[in-house]
1. Determine if the range 202-216 includes at least one residue that is surrounded by 13 or more Cβ atoms within 10 Å (Cβ to Cβ) and in a strand (DSSP E or B).
2. Please go through the range 186-201 and pick out each residue that is exposed (fewer than 15 other Cβ atoms within 10 Å of the Cβ), farther than 25 Å from residue 241 by Cα and of a type in the set (Asp, Glu).
3. Select, from 161, 79, the only residue that is open to solvent by 10 Å² or more (accessible area, probe 1.4 Å), aromatic (Phe, Trp, Tyr) and in contact with a helix residue (DSSP H, G or I) (Cβ under 9 Å, 6 or more places away or on another chain).
4. I want to confirm something. Restricting to the range 12-51 and keeping residues that are in a helix (DSSP H, G or I) and touching a residue at least 40 places away in the same chain (Cβ under 8 Å), which single residue is most open to solvent (accessible area, probe 1.4 Å)?
5. Being over 27 Å from residue 210 (Cβ atoms) and without any contact (Cβ under 8 Å) to a residue 12 or more places away in the chain is the filter; apply it to the range 164-178 and report the residue that is most open to solvent (accessible area, probe 1.4 Å).
6. Given the residues 255, 280, 247, which is the only one that is of a type outside the set (Lys, Arg), within 15 Å of residue 225 (Cβ to Cβ) and touching a Gly at 6+ places or on another chain (Cβ under 7 Å)?
7. From the list 95, 108, which residue is within 15 Å of the chain's Cα centre (by Cα), open to solvent by 50 Å² or more (accessible area, probe 1.4 Å) and farther than 24 Å from residue 282 by Cβ?
8. In the range 53-76, what count of residues is obtained for those that are within 19 Å of residue 288 (Cα to Cα) and assigned to a helix (DSSP H, G or I)?
Amino acid sequence: MPEVLEWTLEGADGEVIIGNTHLPMTDEPLGVLILCHGFKGYKDYGFMPRLAMEGAETGFVVHRFNFSHSGMTNKIETFERADLFEKDTWGKQIDDLKTVIGAVECGDLEGMGLPLVVFGHSRGGMTATLTVSEILNEDVDELGRSICGLITGAAPSYACFLSVGELEEIRTNGKVLSPSGRTGEDLYVGLGWLEEIEAEAKRFDPIRAMRKMRCPVCILHGTEDNTVPMKCAHELADGAGERAMRVIIPKADHVFCSPNPLGENDAIPAITHTFISDVVKFAENCVRG
């Protein structure tokens, strides 16, 4: 089994990014694969550990982590920092992902000098899209010089997912209830999240980010996703144009039919296996290409 390391970095607003690294069982790794979880997700959710393990067995150095304002720690049965969840924004997540990429490229995390692919699920897919596009279209201390691919799974094509009623509530009360279906806890999306989107609408537009993308993109989505409409995959792929590969997986739901938890010795559902294989294969093609 690949060796798994634990690490922390200082993230947005000085809060902690908690991560794990899966080391490949080879002296010559193929590249680096960074995994970004979704809204109310975390680095240990569902398919994430198995995807990391499959990536490492293929030859990747794989990093999976909790965004600093995800509300999650290593105590996975609860949102231990629900106060941070309420303060989360797209900008904070972009800052966190830039921090992780920067740590790889400067050698603070494993994989310095290797080609790098970023994967994001659901909201994490949008964060990955915004971040990679922003990095590749800027010249900030050469950050992102190793990025060679982007992969999204069930990612939205819009920044604001609140209904008209929820928008009215967040403006009136400064927050809107968004309970966790997994833990039953009351979580809140804070007004700062909405104000940031309205202040910088272009920056947080994933279709615009895809139009500016300068690396190959793989966009995966399931036909039975009842959380993020499948049309989002087509809108993102159309935005990226010839750089994009769209992969629509029949009968796959929002989490690609992965149970939570999915232990390392548990039988893996066929659809989840297809999804993981597609992610790893595209990443392999990117680093070899």
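1. Scanning the range 202-216 turns up no residue that is surrounded by 13 or more Cβ atoms within 10 Å (Cβ to Cβ) and in a strand (DSSP E or B).
2. So the first thing to find is which residues in the range 186-201 are exposed (fewer than 15 other Cβ atoms within 10 Å of the Cβ), and the list is 186, 195, 198-201.
Next, only the ones that are farther than 25 Å from residue 241 by Cα stay: 186, 195, 198-199.
Those that are exposed (fewer than 15 other Cβ atoms within 10 Å of the Cβ), farther than 25 Å from residue 241 by Cα and of a type in the set (Asp, Glu): 186, 195, 198.
3. Checking each option against the conditions leaves just 161.
4. Once the filter is applied, the top-ranked residue is 13.
5. 168
6. Exactly one residue qualifies, and that residue is 255.
7. Within the list 95, 108, the selection yields 95.
8. 5
The values are calculated or read from the model by the stated rules, or taken from the named source; none is laboratory data. If you're wondering where the values come from, they're calculated on a predicted model, not measured in any experiment. Note: ideal-geometry Cβ built from the backbone for every residue, glycine included; neighbour counts use all protein chains shown. These area figures cover heavy atoms from the full protein model, side chains too; ligands, DNA and RNA do not enter into them. Shrake-Rupley method; radii C 1.70, N 1.55, O 1.52, S 1.80 Å.
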